[in-house]
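The values are calculated or read from the model by the stated rules, or taken from the named source; none is laboratory data. All figures in this text were calculated on a predicted structure; none of them were measured in a lab. Please note: Cβ atoms are built from the backbone with ideal geometry, for glycine as well, and neighbour counts cover all protein chains shown. Note: accessible area is taken over every heavy atom of the protein model, side chains too, but ligands, DNA and RNA are not part of it. Shrake-Rupley method; radii C 1.70, N 1.55, O 1.52, S 1.80 Å.
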Amino acid sequence: NLEELSKALIECQQIISDLPKETSWLLSQNLHKYQDFWCYPNFLEGIILAQKYFIPQPTDIIICTLPKSGTTWLKALCFTIFRRSQHSGGSSINPLLTNMPHDIVPFIEFLYCKGRDSQNPLLSTHVPYASLPESIVKCSTCKIIYMCRDPKDVFVSLWHFNNKSLDTDVLSWEEAFDKFCTGLSAGGPFWDNILGYWKASLENPEKILFLKYEDLQNDTLFYVKRIAEFMGCPFSVEEERQGIVQNIVNFCSFESLSNLEVNKRNKVGNEIPFKVENNAFFRKGKIGD
Ligand code: A3P
């Protein structure tokens, strides 16, 4: 209901304007501190609304990451794993051939303005575990897949993303590094975000799968099978024999995804409120750059 939404948005604006804020790497935007983590205001509105109103479907799987930890890759893998029978059976082509992963697996942060496809159980978010909508944490059947990455690579990736892709002035490398180390980055402090999910995954391994970008790079085949099992759609012996796991690994590889026309040229349309070229999400895809 539009009237209710605009009222709720006004309340959010009030909450956001009362929060502590700091200059961020992007000089045009402050980071706001909400529930002990840092966030850009355009993400925060949707988080506050989701905390209040979001009701998951029982089969939902939430992909949680800090920005630049391999979110785009993990979205492509999970979606292709989940929808594989439709694609390999030929009843439809993989929508990732013509849509970038962020347009297929929406952020919870933007559901209030974009909605969701009820046939797709995959959603994503950058918020820390402690700030997930309670409805997700309490849902006994929803699952969470978290992926972290070496902080040095996250910092390098983030710096290039901010510097090259967003149309705004940014801090110098040294200043940005100082901010990152003191915890000031979207979704940060970095270690708090990772530790929240790590501890929760130890307490509830059936609900939360904790992954590392580096492990996924080093043995993608193994982790694709692990993810499929965790999602409740393990590969059959027949599928393995047909090479379907390897096909998924290949299709979602950096070389393959980054060379799709949609990921080379277009801009993330439906998802991200700031316009970013799709190719900004595919830089090098390496460990230790
Ligand atoms: P680099 O900047 O180090 O290359 P996110 O999706 O969370 O924004 O993370 C982006 C990072 O993941 C970028 O890292 C990007 O190149 C890398 N990436 C994107 N697609 C990938 C893929 N298919 N395989 C491995 N890494 C990928």
* Asked: Given the Cα-Cα distance of Q246 and S17 and 0.36 nm per residue of separation, how much length would full extension add, in nm?
  -> 77.6 nm
* **Range of Cα positions in segment 171-289 per principal axis (Å), largest first** => 53, 42, 30
* Taking only the alpha carbons of the chain, what extent do you get along each of the three principal axes, in Å, biggest first? -> 57, 42, 38
* Kindly work out what percent of the DSSP beta bridges joining two residues of the chain are antiparallel, to the nearest 5. => 35 percent
* Quick one: order I104, I10 from most to least accessible surface, probe 1.4 Å. => I10, I104
* **Of every Cα-Cα pair in segment 51-209, the percent that sits beyond 28 Å** => 26 percent
* Acute angle (nearest 10 degrees) that the helix 71-82 long axis makes with the longest principal axis of the chain, alpha-carbon atoms -> 40 degrees
* **Dipole-positive endmost among I93, L5, V137 within the chain (Cβ charges, Cα centre)** => I93
* Relative to the compact-globule scaling 2.2 N^0.38 Å, provide the ratio for the alpha-carbon radius of gyration of segment 201-263. => 1.27
* Tell me, rounded to the nearest percent, the portion of alpha carbon pairs in segment 134-180 spaced more than 15 Å apart. => 59 percent
* What is the spin-label model distance, in nm, from S92 to E174 if the labels are put 7 Å beyond Cα along the C-beta direction? -> 5.3 nm
* Structure fact -> Note: segment 26-120 at 4 °C, 1.567 mPa s; Kirkwood Rh on alpha carbon pairs; Stokes-Einstein D in µm²/s works out to 85 µm²/s
* If you add up the charges near E22, with Lys and Arg at +1 and Asp and Glu at -1, over every other residue whose beta carbon is less than 10 angstrom from its beta carbon, what do you get? -> +3
* To do: Could you list, in their original order, any pairs among K68/K164; K33/K68; K33/K75 whose Cα atoms are separated by more than 25 Å?
  => K33/K75
* Structure fact -> Per the rule of 0.36 nm per residue minus the C-alpha distance, extending K114 to S253 adds in nm 47.3 nm
* Add -39500 (n - 2.57) for each DSSP H run of 4 or more in the chain, then divide by its residues: what number comes out at 222 nm, to the nearest 500 deg cm²/dmol? -> -12500 deg cm²/dmol
* For D150, what accessible area in Å² do you get when you roll a 1.4 Å probe over the heavy atoms of the protein chains, rounding to the nearest 10? -> 50 Å²
* Structure fact -> Residue span T182 to V137: 0.36 nm per residue of separation minus Cα-Cα distance leaves a gain in nm of 13.4 nm
* Asked: Ignoring ligands and nucleic acids, what accessible area does C233 show with a 1.4 Å probe (Å², nearest 10)?
  -> 30 Å²
